[in-house]
Amino acid sequence: MSAEVSPGVDAPGAAGAAARGIFPPELLDRCISCGFCLPACPTYALSKDEKSSPRGRITLMRALETGVLEEDDPTLREESSFCLGCRACEPVCPAGVQYGELLEHWRSHQWQGRHRPPLARVLTNVVVRNWLVRRLGTFRGHARTAATSPQGPHLMLGCFERALFPAVSRAARRLRPELDAPGNQGCCGALHAHNGDLELGRTMGRRLGEQLPGTIVTTAGGCAAHLAGVLGRDRVKEFSEYLARDGSASLGELRVDGRRARVALQDSCHLRNGMDVWREPRELIAAVADYVELPGAAQCCGSAGTYSLLRPKDSRRVLAPKLDQIEAAGVDYVVAVNPGCQRQLVTGLRRRRSRVRVLHLTELLAAAQDGGLPRRRLRLGARPGRRAEVPADEPAGLTAHLNDRPLPDDPGAAGAGRPDALDGSAGPDEVHRS
Amino acid sequence: MALDPGVLAELESIVGREHVRHEQGEVAPYARDATPLFSSPPDAVVFPARTAEVAAVLRLATSHRVPVVPRGAGSNLCAATVPLQGGILLVLTRMDRVLEISPAELLVRAEPGATTATVAEAAAAKGLLFAPDPGSRTVSTVGGNVATCAGGLRGLKYGVTRNYVLGLEVVLPTGEVIRTGGRLWKDVAGYDLTRLLTGSEGTLGVITEVTLALLPMPATASTGVAYFSSLADAGRAVTQVLAHGVVPATLEFLDRTCIGAVEDYARLGLRTDAGALLLFGDDGEPDAVERNLTRMGELCADEGALEVTVAKEVAESEALLAARRCSLPALSRLNTLTVLEDVTVPRPRLAEMVDRIEAVAARHELLIGTFGHAGDGNLHPTAVVDVRDPAAAERTHAAFAEIFAAALELDGTITGEHGVGAAKLPYLRDRLGDDQMALTKRIKAAFDPAGILNPGKTGS
């Protein structure tokens, strides 16, 4: 404490400070600016600039709240968008700052009207319509049950997941036939909450809660965390969490070339950082295969919801070191527990022509139970020829198109993102990069 | 005060355009460090990559009389890196290499922006220990550690940062590059400028390289916990431990308020009916560690401990230390503004100081929990108040002024390890006296005739 408290007090609500009412004060007040979040933040690792760290972004939010910065300040716009929203800063925060929620409020304010990225507007507009969500999955053969038991448990089909990876819900129901999967369910609204429409996102979450009464089981970590925030933690079970409660008995074994398969995991950020679920998928994998922990398994893959589409270049910079790790680990499969991560890894590994395949956890466990992976099924409407040779783990159609958009220079290329790749010169032996 | 466009252009030519920030939104996140209630943005943030760039920036700043504030991770707790007068914030995080580890000489050479944890891990990979252990080690930089003479949990047995600084490369505000000390454990040539610069908080020069001493890694470590009905009892136990020739690696305490807050927050199963909790631990060879732990446990029991537990294994030790590590977060969650201080008194007066703090807190109707390092008399009285209540902030301010005065009365100091910075500058004269204050200013002027380096802090 000092006798000379400086005039620029940045704590909203502190004597003399104005408040625009953008953030709930109890959330913004929590941060004590200790900086413990810095080493956990993927964008700070890229930029080494305070404004791209959780602490720096909270200082920016405070400057926005108190009017120190204008609402259209370019740094505010850039940083609210550059943040992956992975919430890796939350488990390491000694003060318990709910950064993910602060970011949702920030984007809801920052991305009003014309400031909202157009692609985010299109995607959120698509999945807000129940009939359109249903149509997304209709031709892809996701799991579906006609009747809905009032008490559940219900399998959530997701919006884009049912179109991109329909095999995931089918595998989930093969593993747990008791799960009801009504086809007329909507989207959970996580996409909206993370992309500048927090209120609509919450409304959609509540609506899904009414459509699927009782326990909701989901194969998407990001949706699980959002739904848990809206409906309460008790009503939501991510699939690994749901499976893990009755032990790992009789799951079978997955073998490759006559040996146990070697399998790595990519955590879902919101599942791990928002719901503290990360042991369960590891235990399930270890029950059917040799589990290999990637050094950066807990770090964001750069998919981050719409991020890989809105900021493809940054997304690939975040992904690059992870692809290096996957290839160095000598694994047969890498497992995802969220469709965004699955899509990101499929795309990244394909671009490198890697032999490592990507599976959702449900697909891996179903394959172990069935005694092997199914051969690729010809999809309805798929024409013979080149596309039929695409491995089964790859999304088709619009997604493949989005994934393959050419970039002027590809930061996702092998080796990019490693510090020693940047300055090119490996020093003498005793030199260590931090 | 905006920066002259000519100066800005020169900064960009020195470090490269992409390593200078000057837009309002870009510099706003650098207005503060980890110190509450201090905020003032720089005019420009500059990220140099090498010593020559630092020197060029300082020469430019001196010739144009522009303030320069060096910064590492900005995790200090005394507002040492808040640019009170604007100017250039010189952020050294790009200079983050561990340059060399020499097991034969037991030393590490590193650039200032390497984090403490990075240096410690690089040393550990060669079986060596970097002993200073500040709480912010995962984020703090070694340059910042040296500039603030960071302490930590191992102070009693291992000392603090200054005991490990062998040599420095420093750029003076006028642009000259000097190397003080070096790789030698014995070197008495000239004034000990290495020690003078250690803890100088960026007011005398900019550290661009550090040479730090290492120790062999201890084979094992273990921890025990003792509960007492009062801190006075715990204080007597500490005295007994040291009187019996045991110098433990860990000797930490929590007062009643902290025990309650930690238990509410972390549910560790602590005894909330106790008036004080004492953590004791040691590291070294297994049989010596076991002997010391047993001895310390017995001495605590002799002094009336309510309960003594010694960890059977490493995981159990970690669980016990968790109570100490989560004291600050547990307290900070009780309200919206956390003010953490670090007065230090001679070890025998620890319990007396805690009594004084409790009396001050009661008089000002404040919630103040105290935890800290019983082994070296370093206390962390922590006030938690409502940031929106100006009256409470005023009472906090008044209470800490009294706490500082009480520490000085007990032959203690206003800060043991956090530093002076801007936060405690108003109290520095009470600690140093007029003559030392005048000498401090003359030393500052000798290093920094233009007064550009970290103005508004020690020496200004």
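The values are calculated or read from the model by the stated rules, or taken from the named source; none is laboratory data. For clarity, every value in this text was computed on a predicted model and none was experimentally measured. Don't worry about glycine lacking a Cβ; one is built from the backbone with ideal geometry, like all the others, and counts go over all protein chains shown. Just the protein is used for accessible areas: all its heavy atoms, side chains included, with ligands, DNA and RNA removed. Shrake-Rupley method; radii C 1.70, N 1.55, O 1.52, S 1.80 Å.
Per-structure values
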{"quantity": "Residue list for segment A:184-204, restricted to those being within 14 Å of A:H154 (Cβ to Cβ) and crowded, with 17+ Cβ neighbours inside 10 Å", "calculated": "A:Q185, A:G186, A:C188"}
{"quantity": "When residues of segment B:18-30 are limited to those that are within 8 Å of chain A (Cβ to nearest Cβ) and over 15 Å from B:N454 (Cβ atoms), the one surrounded by the fewest Cβ atoms within 10 Å (Cβ to Cβ)", "calculated": "B:E23"}
{"quantity": "Any hit, segment B:55-67, residues being within 14 Å of chain A (Cβ to nearest Cβ), in a helix (DSSP H, G or I) and in contact (Cβ under 8 Å) with a residue 60 or more places away in the chain", "calculated": "no"}
{"quantity": "Yes/no for B:R325 being open to solvent by 70 Å² or more (accessible area, probe 1.4 Å), out of contact with any helix residue (DSSP H, G or I) (no Cβ under 7 Å at 6 or more places or on another chain) and closer than 15 Å to B:F253 by Cβ", "calculated": "yes"}
{"quantity": "Test: residue in segment A:90-103 that is over 24 Å from B:S75 (Cβ atoms) and touching a residue at least 24 places away in the same chain (Cβ under 8 Å)", "calculated": "yes"}
{"quantity": "Positions within segment B:328-348 being open to solvent by less than 70 Å² (accessible area, probe 1.4 Å) and away from every other protein chain (no Cβ under 14 Å), in sequence order", "calculated": "B:T344, B:V345, B:P346"}
{"quantity": "Of all residues in segment B:441-460 being within 21 Å of the chain's Cα centre (by Cα) and more than 12 Å from chain A (Cβ to nearest Cβ), the one that is modelled with the lowest pLDDT", "calculated": "B:G459"}
{"quantity": "Residue list for segment B:433-450, filter: out of contact with any helix residue (DSSP H, G or I) (no Cβ under 7 Å at 6 or more places or on another chain) and either among the hydrophobic types (A, V, I, L, M, F, W, C) or touching a residue at least 60 places away in the same chain (Cβ under 8 Å) (or both)", "calculated": "B:A438, B:L439, B:I443, B:K444, B:A445, B:A446, B:F447, B:D448, B:P449"}
{"quantity": "Residue list for segment B:107-121, filter: among the hydrophobic types (A, V, I, L, M, F, W, C) and crowded, with 21+ Cβ neighbours inside 10 Å", "calculated": "B:L107, B:V108, B:A110, B:A114, B:V119, B:A120"}
{"quantity": "2 or more residues touching a Lys or Arg at 6+ places or on another chain (Cβ under 7 Å) and at pLDDT 95 or above: qualifying strands (runs of 3 or more DSSP E) within segment A:227-339", "calculated": "A:290-292"}
{"quantity": "Selected residue (only one of B:T211, B:T198, B:T250, B:T194 is within 22 Å of B:F371 (Cα to Cα) and hydroxyl-bearing (S, T, Y))", "calculated": "B:T250"}
{"quantity": "Pick from segment A:7-31, criterion open to solvent by 40 Å² or more (accessible area, probe 1.4 Å) and within 9 Å of chain B (Cβ to nearest Cβ), ranking: modelled with the lowest pLDDT", "calculated": "A:P7"}
{"quantity": "Test: residue in segment B:407-429 that is in a helix (DSSP H, G or I), surrounded by fewer than 23 Cβ atoms within 10 Å (Cβ to Cβ) and more than 14 Å from every other protein chain (Cβ to nearest Cβ)", "calculated": "yes"}
{"quantity": "Residue check, B:A123 within 11 Å of chain A (Cβ to nearest Cβ) and touching a Leu at 6+ places or on another chain (Cβ under 6 Å)", "calculated": "yes"}
{"quantity": "Restricting segment B:289-310 to residues that are of a type in the set (S, T, N, Q) and assigned to a helix (DSSP H, G or I), the residue that is least open to solvent (accessible area, probe 1.4 Å)", "calculated": "B:N292"}
{"quantity": "Selected residue (only one of A:R233, A:R207 is more than 21 Å from the chain's Cα centre (by Cα) and not assigned by TED's automatic domain parsing to the domain that holds A:W278)", "calculated": "A:R207"}
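Residue-by-condition table, conditions (1) closer than 28 Å to A:A19 by Cβ; (2) of a type in the set (F, W, Y); (3) modelled with pLDDT of 85 or more:
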site: A:P91; (1), (2), (3): no, no, yes
site: A:H115; (1), (2), (3): yes, no, no
site: A:V122; (1), (2), (3): no, no, no
site: A:R135; (1), (2), (3): no, no, no
